[in-house]
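J.: Dumping the structure here so I can ask a few things about it.
What follows is calculated from the coordinates using simple rules that are stated; it is not laboratory data. What you see is a predicted model; the values in this text were computed from it and never measured. All Cβ positions, glycine included, derive from the backbone under ideal geometry; neighbour counts span all protein chains shown.
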Amino acid sequence: MARFYSNENFPIQVVRQLREFGHEVLTSFEAGRANQKIPDLEVLQFAVSVRSILLTLNRRDFLKIHNSGLIPHLGIILCTADPDFLAQAQRVHKSMIEPPEGLANSIIRVNRNAR
């Protein structure tokens, strides 16, 4: 299973479900890094330091950081907000069952299903 670091904007309900699926997820709150206005670049650096894939809803900013090539990383999962937390967790989980070859330095987009 995958090892994730969830940005502070990421829903705890999804984190809990991912843990039920067997993934290891460290939240920014658990890491003592919540509510501190930590710059996104430092968020990604921390994910790298704890050897984790970043989970975030902050698609635009982390895509810019990724495209800049400033920080080699283990992967970034960019999610759209979804009030169906179980479905969102299932989509993230599925993306890890068959991850793209060479997940390091890659972006995975996990989008909400159209209704």
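J.: If all Cα-Cα distances of the chain are sorted into 5 Å bins from 0 onward, what percent lands in each bin, rounded to whole numbers?
T.: For the chain, the pair-distance distribution reads 2, 12, 26, 27, 21, 10, 2, 0.
J.: Which trypsin sites (Lys or Arg not before Pro) from the stretch 20-94 combine a DSSP loop assignment with at most 11 other Cβ atoms within 10 Å? List each step's numbers first, then the result.
T.: Numbers: sites: 33, 37, 51, 59, 60, 64, 91, 94; in loops: 33, 37, 51.
Taking the stretch 20-94 and a limit of 11 other Cβ atoms within 10 Å, the loop trypsin sites (Lys or Arg not before Pro) found are 37, 51.
J.: Another question, if that's okay. Which of these, 28, 68, 52, has the largest mean-square fluctuation under a Gaussian network model of the chain (Cα springs below 10 Å)?
T.: 68
J.: What relative contact order, as a whole-number percentage, does the stretch 3-110 give when Cα pairs under 8 Å and 6 or more residues apart are counted?
T.: Numbers: 159 pairs, mean separation 32.2, N = 108.
Averaging sequence separation for qualifying contacts and normalising by length gives 30 percent for the stretch 3-110.
J.: Now for a different question. List every residue whose amide H lies under 5 Å from the amide H of residue 6, counting only residues 5 or more places away in sequence or on a different chain, with H placed 1.01 Å from N in the peptide plane.
T.: 26, 27, 28, 55
J.: Quick one: net charge around residue 63, please, counting Lys, Arg +1 and Asp, Glu -1 for every other residue with C-beta under 13 Å from its C-beta. Show your work: numbers first, answer last.
T.: Numbers: positive: 59, 60, 64, 109; negative: 40, 61.
Once all neighbours under 13 Å are counted, the net charge is +2.
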